[in-house]
Each structure stands twice: as structure tokens, then as C-alpha cells.
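The values are calculated or read from the model by the stated rules, or taken from the named source; none is laboratory data. Only a predicted model underlies this, so the values are computations on that prediction, with no experimental measurement involved. Neighbour counts are summed over all protein chains in view; Cβ atoms, including those assigned to glycine, are modelled from backbone coordinates with ideal geometry. Remember, those area values only see protein heavy atoms, side chains included, never the ligands or the DNA or RNA. Shrake-Rupley method; radii C 1.70, N 1.55, O 1.52, S 1.80 Å.
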Amino acid sequence: MADLKITWLGHAAFLLEAEKKLLIDPFISGNPKAPCTPEDLDPDIIAVTHGHRDHLGDTIAIGARTGCRVISIHEVANYIKSKGVFAEGMNKGGTIEVEGVTLTMTQALHSSSIDASGFSFDGGSPAGFVINIGGCSIYHAGDTGVFGDMQLIGELYEPKIAFLPIGSRFTMGIKEAVKAVELIEPHIVVPMHYNTFDVIKQDPEEFRKAVESKVDTKVIIMEPGESIEI
Ligand code: NI
Ligand code: MN
């Protein structure tokens, strides 16, 4: 049996299932590509990269229903706690261990806010995570542009798998994401944050060709709802 099952739920949302179930950026309601409903999800942990609606998503509803632990940057965690949901704050460069799963928070070149009822709350700053689960190290970059210290993330944490945005406009596009793969040098890269909406339309096959012409990293293009086993 595989040690780790990875399911892409569309956009930046992934479900990682080993001994514990970790859900990242559960944007399900309002996601036209979502393969399930928030009620289908029963995680032990939710990790949120930043406050934007397409990442914070259904975190509060799922957290309230399941009592799972939510991990995010301090400011987003405070907002989640204010809604009566159990959240633990952390910050960049730090690591937290939750039920045998470790999460290290990384830099991301982006913005963050929490939009509610026509008012924006401070969402701290955006982040990514390096996650150790099921004996596998995974880098979820969050929403980000490319930055040179992705090389440092590669050196320090040696992620086997990287989830990288390729949709452009709000994050890296293909050109920048290919550079990110060269800096991180993961064994496998899974593109994300594209084709959810027309404004982030992208051809993942173009990304695959560009990556595989430059480095040994394998590109796995997933469909929303599809799982791979590692
Ligand atoms: Ni964002
Ligand atoms: Mn986003």
C-alpha cells in the first residue's frame, strides 16, 4: 500500500492522506472545478496559505463541523479563532508538528487579506508550506511569484514533490514556474492554480514540455478529483 495519497481538489486545494488527513486551501464552495462538497471532507488538519477567499475557502465551515486543527499565519489564525474554530498560528521559517505531521512555513511573493461583508481584515502576509507527511516531503508554494530563495527551500527541505501555481496574473505563469522547478529540483511537480477561471487559463502541457526539456523533474498533470499514490 502506498504511504501517501494525494488528491487535487482543483485550484490550490489538495487532500493529503497518510495516517492523518491534511487538507490544504479548501476552496470548494464557489469553485467551478470542485469535485466534491465541503461536507465530503473530514480532515484532521487544515493548512491555509493566506486569507484570500480562493484559499481560506470553506476552512471555517469544515473546521466548525469536524473540530479539526487549522494551521495558518498568526493573523489568519486569529480571524479563524474569532469565528469559534480551533486554529494555531505560526510564522515564516518556523515548523509546527501536529499529530506526526510537520509543517514549515515558507515565504510567498503575493498579498493577503480576509474579505468579509464588504470589509477587508488584515490577513498578515502570504505563505507556502513544506509538509512532511507519510514519509514524504511536499512543498505547496501557495500563491506566489518566483523568488531566488526557492533554491534555499530546495536545499533545506529537499521536497520530493512541489505543487506550483502556473496560472499567471495572480501568481507565477509557466515561464516563472519552470524557473521555480529549476531552483527547487523536486522529483515531481504538480501544476495548480490554473483553469479554475478564464483569467488564469493555461495549457499545462506547455508547462510539462518546458520543464522536461530542462530538468529531470517529472510533471504530473492532475484533473480535479484525481488521486496519485506515492
Ligand atoms: Ni491569493
Ligand atoms: Mn489564489
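Things worth noting here:
- The lone exception for LEU156 - which of (1) more than 16 Å from ligand 2 (Cβ to nearest atom); (2) in contact with an Asp or Glu (Cβ under 6 Å, 6 or more places away or on another chain) it fails: (2)
- The set of residues in the stretch 165-189 being within 16 Å of ligand 2 (Cβ to nearest atom), within 21 Å of ASP25 (Cα to Cα) and of a type outside the set (Gly, Ala, Ser) consists of PRO165, ILE166, ARG169, PHE170, THR171, MET172.
Let's see how each residue does on (1) under 17 Å from the mean Cα position of the chain (by Cα); (2) within 22 Å of ASN132 (Cβ to Cβ); (3) open to solvent by 60 Å² or more (accessible area, probe 1.4 Å):
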position	(1), (2), (3)
HIS11	yes, no, no
ILE28	yes, no, no
ALA34	yes, no, no
ARG53	yes, no, yes
VAL70	yes, yes, no
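- Residue pairs meeting the criteria (Cβ under 8 Å; at least 6 apart or on separate chains; first surrounded by fewer than 16 Cβ atoms within 10 Å (Cβ to Cβ), in the stretch 202-230; second assigned to a loop (DSSP other than H, G, I, E, B) and of a type in the set (Gly, Ala, Ser)): GLY225/GLY10; GLU229/ALA2
- Looking across the stretch 117-157, the residues that are without any contact (Cβ under 8 Å) to a residue 40 or more places away in the chain and not polar (S, T, N, Q) come down to GLY118, PHE119, VAL130, ALA141, GLY145, VAL146, GLY148, MET150, LEU152, GLY154, GLU155, LEU156.
- Within the stretch 80-92, being over 15 Å from ASP25 (Cβ atoms) and open to solvent by less than 60 Å² (accessible area, probe 1.4 Å) holds for VAL85, GLU88, GLY89, MET90.
- The one condition from (1) in contact (Cβ under 8 Å) with a residue 40 or more places away in the chain; (2) away from ligand 2 (no atom under 16 Å from the Cβ); (3) at negative phi; (4) over 11 Å from the mean Cα position of the chain (by Cα) that ILE114 does not meet is (2).
- Filter pass, ALA12 being within 14 Å of ligand 2 (Cβ to nearest atom) and assigned to a loop (DSSP other than H, G, I, E, B): yes
- A count restricted to the stretch 180-194 and to residues that are away from ligand 1 (no atom under 16 Å from the Cβ) and open to solvent by 10 Å² or more (accessible area, probe 1.4 Å) stands at 5.
Quick grid of which residues meet (1) under 25 Å from MET222 (Cβ atoms); (2) hydroxyl-bearing (Ser, Thr, Tyr); (3) without any contact (Cβ under 8 Å) to a residue 60 or more places away in the chain:
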residue: HIS52; (1), (2), (3): yes, no, no
residue: ILE62; (1), (2), (3): yes, no, yes
residue: VAL76; (1), (2), (3): no, no, yes
residue: LYS81; (1), (2), (3): no, no, yes
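- Within the stretch 113-152, the residues that satisfy the criterion of being surrounded by fewer than 21 Cβ atoms within 10 Å (Cβ to Cβ), of a type outside the set (Gly, Ala, Ser) and within 12 Å of ligand 1 (Cβ to nearest atom) are ILE114, ASP115.
- You will find that of PHE163, PHE170, the residue that is open to solvent by 30 Å² or more (accessible area, probe 1.4 Å), within 16 Å of ligand 1 (Cβ to nearest atom) and either in a strand (DSSP E or B) or of a type outside the set (Val, Ile, Thr) (or both) is PHE170 and no other.
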